[in-house]
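**Student:** Got a structure for you, questions after.
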Amino acid sequence: MYIGIDVGGTNLVAGLVDESGKILHKASCPVDKSMTAEELTRQLAKLSLQAAKEADCPLSEIQAAGVGLPGLVSNKTGMVIKTTNMPFYNTPFREIFQEDLKIPVYLGNDADCAAVGEYWAGSAKGFDPALVITLGTGIGSGMVRGGKLYIGHGGAGMEAGHMIIHPNGVRCGCGNLGCWEQYGSATALVRLTREEMEYNRDSLLWQLCDGDTRKLEGRTTFQAVRENDATARKALDRYLEGLSMGLINLVNVLFPEIVCLGGGISNADDDLLLNPLRELVHRGSFDKDHLPRIERASLGNDAGVVGAAMLCNMF
Ligand SMILES: [Zn+2]
């Protein structure tokens, strides 16, 4: 048995996971914003113990725990180097965690855990190299190669969301201009939709968001495209162009056997997202005889817990 911990900005989840990557039980709690990094780490150990106890699993049967965090971590040193919107900063996570729970602990970032989860038990199972891209506020990416996670020198590898695709493009949170996530994330689709709406006051999109563009979500654009709104179509085409540009770059560098797309956006109908993307990526691919499959990730929010639990097999 394994424990997988998913540290999100609003929720902490610890799951008991078996060898096949199946979640047997989950315990969760909201993030207490007043907690220090040390307090949060101890709370995660407590939550892990709670998950095991509620599932009647003795601690002696738990072989390892893994944790996925939003930020930069070092599995080698057991340190959480920095996180987004969380207090972890040069935190000796493993050391603190093991004071309360004496089992091996592995560290990964959330995008890497999502990749491991899909590779172990989701739609990337059986494919290698497997590339998993999560489209959310930003773009998360992780790759499994030769059955192991590719993290690069130091552990910050595969930050594909910060690959620059437009010189002098939109400013990214990382400080650079024109990063892929500014054109391919869920946030980017909303931005592009807003831009197009400004030129088209009669677009259906204005009705769908009650005249308030702050209410726009990625799915609003897809809904309007379904209803043949030309403005939404234009925004979606621009989005597909940006998203595919990054994917083409990745495919031509890595030639994965599969690319799995996760995040809320990936739930869009195939004819609006996956099929046009397949066509664009295949068109831009250097080797037409080894085109990767492009599929939807299948574990949803559970990918983080499953992937964290399986980190022990991935280094
Ligand atoms: Zn960036």
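**Student:** Can you tell me how many residues within segment 263-315 are touching a helix residue (DSSP H, G or I) at 6+ places or on another chain (Cβ under 6 Å), open to solvent by 70 Å² or more (accessible area, probe 1.4 Å) and assigned to a loop (DSSP other than H, G, I, E, B)?
**Tutor:** Within segment 263-315, residues that are touching a helix residue (DSSP H, G or I) at 6+ places or on another chain (Cβ under 6 Å), open to solvent by 70 Å² or more (accessible area, probe 1.4 Å) and assigned to a loop (DSSP other than H, G, I, E, B) number 1.
**Student:** With the requirement that a residue be within 16 Å of the ligand (Cβ to nearest atom), open to solvent by less than 20 Å² (accessible area, probe 1.4 Å) and not aliphatic (A, V, I, L, M), what does segment 170-208 give you? Give the derivation first.
**Tutor:** So in segment 170-208, the residues within 16 Å of the ligand (Cβ to nearest atom) come out as 170-188, 191.
Applying the additional criterion that residues be open to solvent by less than 20 Å² (accessible area, probe 1.4 Å) yields 172, 178-180, 184-185, 188.
If the condition is that a residue be within 16 Å of the ligand (Cβ to nearest atom), open to solvent by less than 20 Å² (accessible area, probe 1.4 Å) and not aliphatic (A, V, I, L, M), then C172, G178, C179, W180, G184, S185 are the ones that fit.
**Student:** Which residue out of L69, L59, L47, L107 is within 21 Å of M310 (Cβ to Cβ), at pLDDT below 95 and among the aliphatic types (A, V, I, L, M)? Break it down stepwise before answering.
**Tutor:** Values: L69 fails: at pLDDT below 95; L47 fails: at pLDDT below 95; L107 fails: at pLDDT below 95.
Only one candidate qualifies: L59.
**Student:** Sticking with this structure for a sec: What's the number of the only condition in (1) free of Cβ contacts under 8 Å to residues at least 40 places away in the same chain; (2) closer than 30 Å to L149 by Cβ that S203 fails to meet?
**Tutor:** The one condition S203 does not meet is (2).
**Student:** State whether the residues of segment 29-37 include one that is closer than 20 Å to M310 by Cα and assigned to a helix (DSSP H, G or I). Walk me through it before giving the result.
**Tutor:** Our first condition is that a residue be closer than 20 Å to M310 by Cα; within segment 29-37, this holds for none.
The answer is no; no qualifying residue exists.
**Student:** Let me ask something else. How many residues, within segment 227-248, are surrounded by 17 or more Cβ atoms within 10 Å (Cβ to Cβ) and among the polar types (S, T, N, Q)?
**Tutor:** Adding up the residues that qualify gives 2.
**Student:** Yes or no: L131 of a type in the set (A, V, I, L, M), touching a helix residue (DSSP H, G or I) at 6+ places or on another chain (Cβ under 8 Å), more than 16 Å from the ligand (Cβ to nearest atom) and not assigned by TED's automatic domain parsing to the domain that holds F255? Step through it out loud before you land on a result.
**Tutor:** Numbers: of a type in the set (A, V, I, L, M): yes; touching a helix residue (DSSP H, G or I) at 6+ places or on another chain (Cβ under 8 Å): yes; more than 16 Å from the ligand (Cβ to nearest atom): yes; not assigned by TED's automatic domain parsing to the domain that holds F255: no.
The answer is no for L131.
**Student:** Right, next: Can you tell me which residue within segment 294-307, out of those that are within 12 Å of A111 (Cα to Cα) and out of contact with any Phe, Trp or Tyr (no Cβ under 8 Å at 6 or more places or on another chain), is modelled with the lowest pLDDT?
**Tutor:** If we take residues in segment 294-307 being within 12 Å of A111 (Cα to Cα) and out of contact with any Phe, Trp or Tyr (no Cβ under 8 Å at 6 or more places or on another chain), then N301 is modelled with the lowest pLDDT.
**Student:** Another one. Of the residues L291, L274, L243, L247, which is in contact with an Asp or Glu (Cβ under 8 Å, 6 or more places away or on another chain) and either among the aliphatic types (A, V, I, L, M) or at pLDDT below 95 (or both)? First the steps, then the outcome.
**Tutor:** Details: L291 fails: in contact with an Asp or Glu (Cβ under 8 Å, 6 or more places away or on another chain); L243 fails: in contact with an Asp or Glu (Cβ under 8 Å, 6 or more places away or on another chain); L247 fails: in contact with an Asp or Glu (Cβ under 8 Å, 6 or more places away or on another chain).
Of L291, L274, L243, L247, the one residue that is in contact with an Asp or Glu (Cβ under 8 Å, 6 or more places away or on another chain) and either among the aliphatic types (A, V, I, L, M) or at pLDDT below 95 (or both) is L274.
**Student:** Condition first: touching a Leu at 6+ places or on another chain (Cβ under 8 Å) and at pLDDT below 95. Can you find one or more residues in segment 146-166 that meet it?
**Tutor:** Scanning segment 146-166 turns up at least one residue that is touching a Leu at 6+ places or on another chain (Cβ under 8 Å) and at pLDDT below 95.
**Student:** What pairs can you find where one residue is in segment 175-187 and in the same structural domain as S244 (by TED's automatic domain parsing) and farther than 22 Å from R214 by Cβ, the other is within 7 Å of the ligand (Cβ to nearest atom) and modelled with pLDDT of 95 or more, and their Cβ atoms are less than 6 Å apart, with a gap of 6+ or different chains?
**Tutor:** C179/H162; C179/C172; W180/G161
**Student:** Output the residue which, of all residues in segment 151-165 that are free of Cβ contacts under 8 Å to residues at least 40 places away in the same chain and more than 10 Å from the ligand (Cβ to nearest atom), is surrounded by the fewest Cβ atoms within 10 Å (Cβ to Cβ).
**Tutor:** Only one residue fits best here, namely H153.
**Student:** Tell me whether segment 8-22 contains one or more residues that are without any contact (Cβ under 8 Å) to a residue 40 or more places away in the chain, open to solvent by 90 Å² or more (accessible area, probe 1.4 Å) and within 23 Å of M79 (Cα to Cα).
**Tutor:** Scanning segment 8-22 turns up at least one residue that is without any contact (Cβ under 8 Å) to a residue 40 or more places away in the chain, open to solvent by 90 Å² or more (accessible area, probe 1.4 Å) and within 23 Å of M79 (Cα to Cα).
**Student:** Right, something else. Would you list the strands (runs of 3 or more DSSP E) that sit entirely within segment 55-150 and hold 2 or more residues that are open to solvent by less than 60 Å² (accessible area, probe 1.4 Å) and farther than 21 Å from I294 by Cβ?
**Tutor:** It comes to 64-69, 71-74, 79-83, 105-109.
**Student:** How many residues does segment 4-28 hold that are outside any strand (DSSP E or B) and basic (K, R)?
**Tutor:** Initial filter on segment 4-28 (outside any strand (DSSP E or B)): 8-10, 18-22.
Cutting the leftovers down to basic (K, R) gives us 22.
Residues that pass the stated criteria total 1.
Here is a yes/no grid of residues against (1) closer than 14 Å to G136 by Cβ; (2) at pLDDT below 95:
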{"residue": "C174", "(1), (2)": "no, yes"}
{"residue": "A186", "(1), (2)": "yes, no"}
{"residue": "E196", "(1), (2)": "no, no"}
{"residue": "T221", "(1), (2)": "no, no"}
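The values are calculated or read from the model by the stated rules, or taken from the named source; none is laboratory data. For clarity, every value in this text was computed on a predicted model and none was experimentally measured. Cβ sites come from the backbone with ideal geometry, for glycine too, and all protein chains shown count toward neighbours. These accessible areas exclude ligands, DNA and RNA; they are computed on the full protein's heavy atoms, side chains included. Shrake-Rupley method; radii C 1.70, N 1.55, O 1.52, S 1.80 Å.
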